[in-house]
Amino acid sequence: DLAHCTMAPPGSHVRRLTAPPGYDGGAFYSWDARHIVFRAARPETREELDDYRPLLARGLVRPRRLEIYLMRADGTGVTQLTRAGAASFAPFMHPNGQLVVFSSNLHDPTGRSFALYIVKVGASGLERVTWGESFASFPMFSRDGRTLVFCANRNAASPREMNVFVADFSA
């Protein structure tokens, strides 16, 4: 399984933080290093698990649904923050420890358009914060939490061009 681990430099004292079968990825520590936010695709049925295992044996994954999770930095207290049933990724925690911004296609039935969303820790209050572009992702808050930076193809001159946006943020 693809799990999150911690280690001391230079690669000693490796400790696994997540254990359920599935794919865990895209982890970020909170600004105070007390929490870790990440995306995960966890098989929920026997059929999904039977599909997952042979792919993993070949070094492949097929994450159809990626949800956002939060845990303490020691791997305890794992909490699922979203239940969108969509591809949600690139989570980043606000310095106040109460908000997580992430990218998701939950608003698009075709699954091709991604926007930024905010969820309150405790899995409530999901709010969309970007519109109009077909892709917005990789959000990060400044240390003081007053600035949000992200990438999007908004105003792109060519199909694969990404632009960096900086926005004022009020929690």
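So how far apart, in nm, are the two label points at residue 34 and residue 3 if each is 7 Å from Cα heading toward Cβ?
Reported label-point gap for residue 34 and residue 3 is 2.6 nm.
With label points built 7 Å along Cα→Cβ from the Cα atoms of residue 60 and residue 149, find their separation and express it in nm.
According to this spin-label approximation, the distance is 3.7 nm.
Just to verify a number: what accessible area does residue 46 come out at with the full protein assembly present, 1.4 Å probe, Å² rounded to tens?
Counting only protein heavy atoms, residue 46 exposes about 150 Å² to solvent.
Only four residue types carry charge here, +1 at the Cβ of Lys and Arg and -1 at the Cβ of Asp and Glu. Report the dipole size of segment 1-42 about the Cα centre in Debye, rounded to the nearest 20.
The dipole magnitude comes to about 60 debye.
Ignoring ligands, DNA and RNA, please state the percent of accessible area on the chain from carbon and sulfur, probe 1.4 Å. Mind dumping the intermediate values first?
Numbers: 5160 of 9610 Å².
The nonpolar share, carbon plus sulfur, comes to 54 percent.
Answer rounded, prolate or oblate for the chain, using the Cα gyration tensor with square roots of eigenvalues a ≥ b ≥ c: rounded when a/c is under 1.5, else prolate when a/b is larger than b/c, else oblate. Walk me through the numbers before you get to the answer.
On the way: a/c = 1.71, a/b = 1.23, b/c = 1.40.
Here the chain falls in the oblate category.
Add -39500 (n - 2.57) for each DSSP H run of 4 or more in the chain, then divide by its residues: what number comes out at 222 nm, to the nearest 500 deg cm²/dmol?
On the way: 1 runs with 12 residues, N = 171.
Value at 222 nm, helices only, nearest 500: -2000 deg cm²/dmol.
Tell me which residues come under 5 Å, amide H to amide H, from residue 4 once H is placed; ignore anything under 5 positions away on its chain.
Here the answer is 17, 18, since their amide H atoms fall under 5 Å of that of residue 4.
What spacing in nm lies between the two simple spin-label points modelled at residue 140 and residue 47, each 7 Å away from Cα in the Cβ direction?
4.1
Using a simple charge model, +1 on the beta-carbon of Lys and Arg, -1 on the beta-carbon of Asp and Glu, nothing else, what dipole does the chain show about its Cα centre, in debye to the nearest 20? Working shown, then result.
Numbers: 20 positive and 16 negative charges, 32 e Å.
So the magnitude is around 160 debye.
Any idea which of 111, 91, 60 is furthest toward the positive side of the dipole for the chain, if Lys and Arg beta-carbons carry +1 and Asp and Glu beta-carbons -1?
Toward the positive end, the furthest listed residue is 60.
Enumerate the amide H contacts of residue 134 below 5 Å, restricted to partners 5 or more residues apart or on another chain; note that Pro and chain-start residues carry no placed amide H.
Under 5 Å from the amide H of residue 134 lie the amide H atoms of 153, each far enough along the sequence or on another chain.
The values are calculated or read from the model by the stated rules, or taken from the named source; none is laboratory data. A quick note: this is a predicted structure, and the numbers were derived from the prediction, not measured. Reconstructed Cβ throughout: ideal geometry from the backbone, glycine too, with neighbour counts over all protein chains shown. Note: areas computed on protein heavy atoms with side chains; ligands, DNA, RNA excluded. Shrake-Rupley method; radii C 1.70, N 1.55, O 1.52, S 1.80 Å.
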